[in-house]
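Asks: I have a structure here, written as structure tokens, and I will follow up with some questions on it.
Nothing in this text is a laboratory measurement; each read-out follows from the coordinates by a stated rule. All values derive from a computational prediction rather than experimental measurement. Counting neighbours? That spans all protein chains shown, and the Cβs are built from the backbone with ideal geometry, glycine included.
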């Protein structure tokens with residue numbers, strides 16, 4: 001991976017951005033099995049939705065955003081969307097286990 005200052009043209013910069021985006025998506029894919037594993041340990045749909053956990057998790061992500069010089073509102077929005085997606089996945093899996 002090249003550092004930004006090592007890139008000599010826009011093509012190299014875009015390649016590095018694409019590489020980073022791919023790493024982010026791979027990390028999201030690695031998150032999925034943990035979501036499924038968590039659903040096996042929950043006893044009801046309220047536990048799957050876990051609003052208190054979501055709130056505390058979002059606060060931590062906001063703090064991490066500030067540490068990285070990113071807009072915490074943007075990071076919260078991204079994570080709200082991500083968590084909503086994974087909660088829906090988890091609910092589907094949880095319901096399949098209940099049958």
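Asks: Nearest 10 degrees is fine. How inclined is helix 51-67 to the longest principal axis of the chain, computing both from alpha carbons?
Replies: So the inclination is approximately 10 degrees.
Asks: Continuing with the same structure: Between 0 and 90 degrees, rounded to the nearest ten: what's the tilt of helix 10-40 against the longest Cα principal axis of the chain?
Replies: Between helix and principal axis, roughly 10 degrees.
Asks: Ranking request for peptides 31-44, 84-97: highest mean number of other beta-carbon atoms within 10 Å first, then the rest in descending order. If you can, show how the numbers build up before the last one.
Replies: Working: 31-44: 12.4, 84-97: 14.6.
For the peptides 31-44, 84-97, the packing ranking is 84-97, 31-44.
Asks: For the chain, taking Cα atoms only, what is the radius of gyration to one decimal and the Dmax to the nearest whole Å?
Replies: Calculated on Cα positions, Rg and Dmax stand at 17.4, 57 Å.
Asks: Still on this structure, I have one more. If I fit a long axis through the Cα atoms of helix 72-98 and take the longest principal axis of the Cα atoms of the chain, what angle between them do I get, 0 to 90°, rounded to 10?
Replies: With both axes taken from Cα atoms, the answer is about 40 degrees.
Asks: Would you calculate, for the chain, the mean residue ellipticity at 222 nm contributed by helices, counting each DSSP H stretch of 4 or more residues as -39,500 (n - 2.57) and dividing by all residues, to the nearest 500? Before the final figure, lay out each step's value.
Replies: Details: 4 runs with 80 residues, N = 99.
Only helices count here, giving -28000 deg cm²/dmol.
Asks: Follow-up. Over its Cα atoms, what ratio of radius of gyration to 2.2 N^0.38 Å does region 22-78 give?
Replies: Values: Rg = 13.5 Å, N = 57, 2.2 N^0.38 = 10.2 Å.
Compactness ratio reported: 1.32.
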